[in-house]
4 protein chains.
Amino acid sequence: MNTFGRAFRLTTFGESHGPAVGAVVDGCPAGLEICEGDIQAELDRRRPGQGAVTSKRSEPDRVEILSGVFEGKTTGMPVAMLVRNVDVDSSSYEPIKDLLRPGHADYGYLAKYGFRDYRGGGRSSGRETVGRVMGGAIAKKLLSRAGIGVYAHTVSIHDVKAGEVTLEDVIKNPYTNRVRCADLSAVRAMEDAIMRAKQEGDSVGGIVEVIATGVPAGLGSPVFGKLDADLAGALMGIGAVKGVEIGLGFRSAELRGSEMNDEFYVDGEVKTRTNRAGGILGGISTGMPIVCRVAVKPTPSISIPQRTINVKEMKDAIIEVKGRHDPSIVPRIVPVVEAMVALVLADHMVLSGKMGPRL
Amino acid sequence: MNTFGRAFRLTTFGESHGPAVGAVVDGCPAGLEICEGDIQAELDRRRPGQGAVTSKRSEPDRVEILSGVFEGKTTGMPVAMLVRNVDVDSSSYEPIKDLLRPGHADYGYLAKYGFRDYRGGGRSSGRETVGRVMGGAIAKKLLSRAGIGVYAHTVSIHDVKAGEVTLEDVIKNPYTNRVRCADLSAVRAMEDAIMRAKQEGDSVGGIVEVIATGVPAGLGSPVFGKLDADLAGALMGIGAVKGVEIGLGFRSAELRGSEMNDEFYVDGEVKTRTNRAGGILGGISTGMPIVCRVAVKPTPSISIPQRTINVKEMKDAIIEVKGRHDPSIVPRIVPVVEAMVALVLADHMVLSGKMGPRL
Amino acid sequence: MNTFGRAFRLTTFGESHGPAVGAVVDGCPAGLEICEGDIQAELDRRRPGQGAVTSKRSEPDRVEILSGVFEGKTTGMPVAMLVRNVDVDSSSYEPIKDLLRPGHADYGYLAKYGFRDYRGGGRSSGRETVGRVMGGAIAKKLLSRAGIGVYAHTVSIHDVKAGEVTLEDVIKNPYTNRVRCADLSAVRAMEDAIMRAKQEGDSVGGIVEVIATGVPAGLGSPVFGKLDADLAGALMGIGAVKGVEIGLGFRSAELRGSEMNDEFYVDGEVKTRTNRAGGILGGISTGMPIVCRVAVKPTPSISIPQRTINVKEMKDAIIEVKGRHDPSIVPRIVPVVEAMVALVLADHMVLSGKMGPRL
Amino acid sequence: MNTFGRAFRLTTFGESHGPAVGAVVDGCPAGLEICEGDIQAELDRRRPGQGAVTSKRSEPDRVEILSGVFEGKTTGMPVAMLVRNVDVDSSSYEPIKDLLRPGHADYGYLAKYGFRDYRGGGRSSGRETVGRVMGGAIAKKLLSRAGIGVYAHTVSIHDVKAGEVTLEDVIKNPYTNRVRCADLSAVRAMEDAIMRAKQEGDSVGGIVEVIATGVPAGLGSPVFGKLDADLAGALMGIGAVKGVEIGLGFRSAELRGSEMNDEFYVDGEVKTRTNRAGGILGGISTGMPIVCRVAVKPTPSISIPQRTINVKEMKDAIIEVKGRHDPSIVPRIVPVVEAMVALVLADHMVLSGKMGPRL
């Protein structure tokens, strides 16, 4: 299934080494001002080739809008967006096309479909997130019309943890540095952790946090369309993500009710004195900022030799994954996390009737 | 939205203090032997009133199958199941009907729907999980036909952690004790942690793990119907769950690729030497056991006084939540976690064509 | 699939000779006043046993609301409704349980599911429409809040055609007579046509028209959620319906554009001078009344001997379908047609954002 | 909503005078041999500019496959297809951009979205069917693997009716003539009817029949996923279609049960002696050929002056629709009808488990 969302829907297509990757957004209200520059700005944030800490693949990633926009505004019709793949070099995949890369989707695709596009991981490649980011760009623009902002940042890389940051830091800092960290004092150590792994042919994981501000109370639907359930599904569905938590998350398991509950008070509108719940109770937004964190595993592509099998001969083999890989996927996941959260929120804004067929 | 799943679908209905709670399972293949006893056995596992560690509400919870079964077998038609609510006492909710209970869904429902069934939390009550467990019972029965088992167990309550356990422990032990723990040596300490909190009018959280065995490789669909995304959505959608992780989960964020990747080998079929991924790579099952963990927050209903607001008068108030509440929801969530995982797996078995309209 | 609709969703369950039939409506806005009397009134309209022209099965069909209504209003939660089956007599089906009834669903169910509940047709029975009518009752009540009315009437039975009628006739007359005809002068001839067929062990078909008034312009979504497409799917999905047309329907095939187009004019709001399109252009409502007609085939259950096969022995057989059958299903389909159109319109009112989570 | 289908899904995008039209097919099993030539062949069948009876717009309509095909076979990933719009001339729409064209979708779009892409009807243009035909091309190729064929043909244009034809005629003849008629002796009269209308600035409607052969028994799902309901929805959703019937359709309303029922017999497999039901009973295929007919209204774009309104000034106006329009849409709808029926059948083949993730 390559469509995400119920009312504001994103369909993505395209493989890493195919002709193009693309996205179709359906259900966006009419009247939203959007141009290729809006999409391009988000694409530029996920682009690699921005320094030693990311892959050397050079992807200009120029977006073309194919439909759904007339006289600078969305028409309510599907917005299709296309990015041609360039700088594609499949040669490094030829030698390992029959080897299962540990930690990758190779075996699952093979088991399910009988064969697979082995070039660069085909559709299971991180390149598929181009489509998500394009869809997310429209979602973010739409949300901004309702005063909603979505901001992700790296809170840890391997054993390096960012210090306390303010919301302002989270809004301003991440895209000023290559590890997408809001705590500028931790940037260097994070870069070092990545570079050390890279030099050893290895990779590292980390944690990304995302905050959504301005979300009105009342988003989310009992009992199987909960906002937190949708967010968890959206975030766990990003490649390399192995864990999702909302508010205090796993820490809440060690607390008592009196330590976990957020007390209500009135300040013009209803608020809570703390936000341990991360802005969602009973699956419905409370009006407080939404806070999620995702655990990102280390990039599975490493050049250290690993034991695996050759599926053609069904016998043991050794694999060394060459090619141009990010030694940590964490910085590049930051804009994807923002995109997915924006998509979920845009979907719920439409589902809840807070946004109709036109702005 | 009160329907879960795409091909094997569960619709639930009913409020805590209404006439009944129920479930409709649609898309179950024809020919599955099922009887009320099968459903009842699962319901009995989630029933409270089983000792001091759970609520005193006495719920016999007798299931009646209303449709979809003929001559002891499913017909392919929807299976509707009904449980009448008895022992309903709404009196303790009258005094607090205008107060927002901290940590509960009250405010979200009010913000969204304008008014709410305040009796026992209405539909946001844990009682809604009766429907999930009934649906899960059919899913589990169906999965057993394919050799798939789903087993959940409590791995921590507050600061008490279970020790290492074997798969056999997880299969055999949880329902022999009131905290649903597979490590029998930890049961007493977990009970004590719950009782201590209860005596102080407080509550505690914990962590539940679930293991699915016998899952064939190839379940899950790129890129927005991933098995891990669906599991995360299903599990985060259980009330009180604030975090979900798969395989090593958040621990993977601190690892290197060489420590995280599972190496492949052939042993009749393709296997991995370790299972840090928790049985899912690229969103598709690998054939290894699926392992997830969920963080359960402490029960929000506590009798310790808390500050809140009266929404009718929009002014500050103090609330003491009386009534019959579980001082820890963790033991009762164990069968619900099993149900949700079973529902996701049954859905994907049908979606993947491994199970058709009839067995 | 036993769920209908995208935003306002109806799930039905139950077999003709099982314990009960029921319905769950999900997505109805909160705050709609509804009581069992509202549902019962619609059920009474589809009830047989009202004279010689319909089946002798006596079905009191008492509805019980199980959830989703609190203090006389919908809460936004699923509304479950139950009708117990009584006066069930399966004895007449025993002798023919291995024979395929011509014109019935028997063979399809057998081919798909491998076995079937042969008692009274099981789920393929017209009794399933109890669930549709219950769901439609809520939809109609909701639509009435927006000034929308849905009115069906019989326009022909066999070779007897009703004369021209006014909208007022359609609103007032159908439920005053047993054939549900708005042209009172045609009632007797229609009854006679049915009785003649009955006396000969045969049955007759007919045509039902439905008119929806007060539908605002702008309902329906390009290009695969068109209002006319949804209506056609909903109406063709009623058992025994073999054709659906909107506006001039099949007559439009013989016209020229200059004879078919409706010219626009302004009369406070935008209107058309004629309504050959039946209130829908390009899949979107125009604000003019919506007009559809459905062709209903003659009841397939006839006592005249027919050639068929015994599927157990896979050899030729003769079948005479006894039991209590309607010699024409047309009058009883009238309220079902209303229900399906109301469900489609309620769905689109919510989908279009004209109705939100609460009234 | 711009996505069609549940398991085999088509998403289309693009406007008549935008940069491109396109389609994304999701859920096609892996291993289907497909190339651009397969798609192109179907596109060529819907292409105008093939003579006097169709529009003069010259659309080369060259398809490019962007994803989902590797080494000549589908991979199970979404297949995106793109056709660039060329020969676009919006000048004839400028003068009428504020006038509602009678019989067109203009007013609905305006009422719903507040503004619209008036160039060539934007998305409501028949040009959108390029996407349907591309999706249908893949569906047809997939169905051919299961021995299923889908064949449409024109059975009437205005008052000219084709004579009786054989299945062989329907398979062989339609694309040999410009009106897509299987009865070659009626071609000339149909062409004349179109030309007469054209010379008078008018247009004509007609009827298209579609036959699907080789469809296995058991497709379709009770009670809201019926095969006939899905077909009716798919066909009524084609622009200009105002009626759909299956089997004897509206004629069944005038028959008796003894005249309508198809008697069963055994001939290797279960068959019926007649096929008045059109291959579907109770919403499930019987194994007999599926037969549907659709009523196509006359093209609404006519150059004869019509009364309408100017929506900017909200006052009366006269419109003469110039531009390059088909004087009858019937011939060009023939391949679209095939596409939609193929899409429904492919969807149900996957839904029913008869086709899995890979061939």
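Just so it is clear, none of the values below were taken in a lab; they were calculated from the coordinates. Because the structure is a prediction, the values reported are computed rather than measured. Please note: Cβ atoms are built from the backbone with ideal geometry, for glycine as well, and neighbour counts cover all protein chains shown.
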_On alpha carbon coordinates alone, what is the Rg over Rh value for region C:122-165, Rh being the Kirkwood radius?_
1.13
*Expressed as an acute angle from 0 to 90° and rounded to the nearest 10, what is the orientation of the C-alpha long axis of helix C:227-236 relative to the principal long axis of chain C?*
10
*Whose amide H sits under 5 Å from the amide H of B:Asn85, counting only residues 5 or more places off or on another chain, with H placed in the peptide plane?*
B:Ala20, B:Val21
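If Lys and Arg each add +1 and Asp and Glu each add -1, what is the summed charge of the other residues whose beta carbon sits under 13 Å from the beta carbon of B:Gly149? Spell out each step's value before the answer.
Values: positive: B:Lys140, B:Lys141, B:Arg145, B:Lys172; negative: B:Glu168, B:Glu338.
Here the count lands on +2.
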*³J(HN,Hα) computed for each position of region A:74-91 - Karplus, 6.51 cos²θ - 1.76 cosθ + 1.60, integer Hz, glycine/proline x*: 5, 10, x, 8, x, 9, 9, 10, 10, 10, 6, 7, 10, 6, 8, 10, 8, 4
*GNM, chain A, Cα, under 10 Å: largest mean-square fluctuation among A:Ala146, A:Ala23, A:Ala342?*
A:Ala146
_For a quick check, take a GNM of chain C with Cα springs below 10 Å and name the residue from C:Ile318, C:Ile238, C:Ile157 with the largest mean-square fluctuation._
C:Ile318
*asked:* List the pairs from A:Lys354/C:Lys140; B:Lys226/C:Lys312; A:Lys242/B:Lys73; A:Lys315/D:Lys141 whose alpha-carbon separation is above 31 Å, in the order I gave them.
replied: B:Lys226/C:Lys312; A:Lys242/B:Lys73; A:Lys315/D:Lys141
*Enumerate the calculated ³J(HN,Hα) couplings along region A:42-47 in order (Karplus 6.51 cos²θ - 1.76 cosθ + 1.60, θ = phi - 60°), each rounded to whole Hz, writing x wherever the residue is Gly or Pro.*
6, 4, 4, 6, 9, 5
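For region D:243-328, run through the GluC sites (Glu not before Pro) and keep only the ones in DSSP coil with at most 10 other Cβ atoms within 10 Å of their Cβ.
On the way: sites: D:Glu245, D:Glu254, D:Glu259, D:Glu263, D:Glu269, D:Glu313, D:Glu320; in loops: D:Glu263, D:Glu313, D:Glu320.
Of the GluC sites (Glu not before Pro), the ones in loops of region D:243-328 whose Cβ has at most 10 other Cβ atoms within 10 Å are D:Glu313.
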*Work out the FRET efficiency for A:Asp44 and A:Lys97 from their Cβ-Cβ distance, taking R0 = 25 Å, and round it to the nearest 0.05.*
0.20
*May I have the convex hull volume per residue, in Å³, for the Cα set of the protein assembly as shown?*
159
*Pull up all non-local amide H partners of D:Thr3: gap of 5 or more, or a different chain, and H-to-H distance under 5 Å with H placed in the peptide plane.*
C:Phe224
_Residue by residue through region A:148-153, what is 3J(HN,Hα) from phi via Karplus (6.51 cos²θ - 1.76 cosθ + 1.60, θ = phi - 60°)? Round to whole Hz and write x for glycine and proline._
9, x, 10, 9, 10, 7
_Using a 7 Å Cα-to-Cβ projection, B:Leu184 label spacings across copies, nm, ascending_ = 6.1, 8.2, 8.6
*When the helices in chain A are scored as -39500 (n - 2.57) per DSSP H run of 4 or longer and the sum is shared across all residues, what 222 nm value do you end up with, to the nearest 500 deg cm²/dmol?*
-8000 deg cm²/dmol
*How many angstrom separate the Cα center of region A:90-119 from the Cα center of region D:253-276?*
52
*Put a point 7 Å out from Cα along the line to Cβ at B:Thr274; what are the distances to that point in the other copies, in nm, shortest first?*
3.6, 7.2, 7.7
*Run through the other copies and list how far each one's label point is from that of C:Glu200, in nm with one decimal, shortest first; the point sits 7 Å from Cα along Cα-Cβ.*
4.2, 8.7, 9.2
*Using a 10 angstrom cutoff on alpha carbons, build the Gaussian network for chain A and name the most mobile of A:Gly14, A:Gly68, A:Gly237.*
A:Gly237
*Along the axis that rotates chain B into chain D, which residue of chain B has the nearest beta-carbon, and what is the gap in whole Å?*
B:Gly353, 3
*How big is region A:3-351 on each of its three principal axes, counting only the C-alpha atoms and giving the largest first in Å?*
66, 51, 37
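Charges only on Cβ, +1 for Lys and Arg, -1 for Asp and Glu: so what's the dipole of chain B about the Cα centre, in debye to the nearest 20? Walk me through the numbers before you get to the answer.
On the way: 45 positive and 43 negative charges, 99 e Å.
Using only the charged Cβ atoms, the result is roughly 480 debye.
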*Percentage relative contact order, chain A, counting C-alpha pairs under 8 Å, at least six apart*: 23
*List every residue whose amide H lies under 5 Å from the amide H of B:Ser221, counting only residues 5 or more places away in sequence or on a different chain, with H placed 1.01 Å from N in the peptide plane.*
B:Lys226, B:Leu227
*In nanometres, what is the gap between the two model label sites at A:Ile171 and C:Arg188, each 7 Å from Cα along Cα-to-Cβ?*
8.1
